[in-house]
Amino acid sequence: MAKKTLREGDKAPDFRLKSDTGAEVSLADYRGKRVVLFFYPKANTPG
């Protein structure tokens, strides 16, 4: 799968992952709602 670089203003691609409770969540589950995605660097690093 080719790696795509997102730029400011791009729509986030749909993805699925497990929540902290173990439930599977998809970005599509929130379609039409405001969502904030926050990505952080590796734990214990500045950023």
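Values quoted throughout were computed directly from the atomic coordinates according to the rules given, and no laboratory measurement underlies them. None of the values given here were measured: they were computed from a predicted structure. In this analysis, Cβ positions are derived from the backbone assuming ideal geometry, glycine residues included, and neighbour counts consider all displayed protein chains.
Across the stretch 17-27, which residue is surrounded by the most Cβ atoms within 10 Å (Cβ to Cβ) among those that are over 15 Å from Phe39 (Cα atoms), in contact with a strand residue (DSSP E or B) (Cβ under 9 Å, 6 or more places away or on another chain) and not aliphatic (A, V, I, L, M)?
Only one residue tops the list, namely Ser26.
Run Gly32 past the list (1) at positive phi; (2) surrounded by 10 or more Cβ atoms within 10 Å (Cβ to Cβ) and report the number of the one that doesn't hold.
All conditions are met except number (2).
How many residues does the stretch 13-47 contain that are assigned to a loop (DSSP other than H, G, I, E, B) and out of contact with any helix residue (DSSP H, G or I) (no Cβ under 6 Å at 6 or more places or on another chain)?
The number of residues fulfilling the criteria is 23.
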